[in-house]
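See structure below.
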Amino acid sequence: MPPHHGLATRIPPVKDAKTARGFSIYKGIIVYHESKLEQRVSTVLQARNDVEQLHSQYPVLRWRGKHGKYHKHICDYCVFHADGSRTAVVVKNERKRAVMEEVIRRMKDEDFSSHADDIALLTNVDATHDRAANAEAILWSRTVEAEAEVEVVHRMVDGMAGQIRFGELLRGAPKIGYRRAAIWKLIDRGILIPEDGVRVNELTWLVSSSSPLLQLAA
């Protein structure tokens, strides 16, 4: 099936000299972004494992201002989760958090249950450049057929007591690209866990989810 616009209530122009407008395609749905921050948020959301559908420019929620006048806000994204719940996502820069949290509070005062189950604010703190880069690597790995290498790496790290560098897992690989994809697939599946909040590269420490270190920490 060709990609479609999903539930988008508007279709932004693809090109604009003053913005970073564009789109990506996620599970057959065209997902629009109108800024680099929105693009990073979209990428981070697409890399999550609990996202069944991702719609942009949806839903349109209303909120009442201080003087009783109603306003409308087009949410940037709406996430349809694997458990059936829906989260409307507002994307703004962190410096606008206080203002947007107040708008979201007012939107929650209205009945929005036909459109979403919750409303969330995501900022540049949630979608850093490092997190977006890691998300891009996860999305890339999903396009690579490397299950044989996944099994090899899984055997290498299963029950591993300590940490290991990402680059160490590349040693001896017959095809580096497939091995790299396999490592990212295991990160995607939660079997390998990198340091939190860093851009993963060959020097990044990884720990196996079956490691006794994690059991002790729990």
If you check Val103, Val125, Val89, which single one turns out to be open to solvent by less than 30 Å² (accessible area, probe 1.4 Å) and outside any helix (DSSP H, G or I)?
Val89
Just give me the residues in segment 66-87 being under 16 Å from Asp109 (Cα atoms) and touching a Lys or Arg at 6+ places or on another chain (Cβ under 8 Å), in sequence order.
Tyr70, His71, Lys72, His73
Inter-residue pairs, beta-carbon under 6 Å, first within 18 Å of Ile187 (Cβ to Cβ) and among the basic types (Lys, Arg) and in segment 119-146, second part of a helix (DSSP H, G or I) and modelled with pLDDT of 95 or more, 6+ apart
Arg131/Val44
Does Glu145 satisfy being open to solvent by 70 Å² or more (accessible area, probe 1.4 Å) and assigned to a loop (DSSP other than H, G, I, E, B)?
yes
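The values are calculated or read from the model by the stated rules, or taken from the named source; none is laboratory data. In this text, all values refer to a predicted model and were calculated from it rather than measured experimentally. A quick note on method: Cβ atoms are made from the backbone with ideal geometry, for glycine too, and the neighbour counts reach across all protein chains shown. Surface accessibility is based on the protein's heavy atoms, side chains included, excluding ligands, DNA and RNA. Shrake-Rupley method; radii C 1.70, N 1.55, O 1.52, S 1.80 Å.
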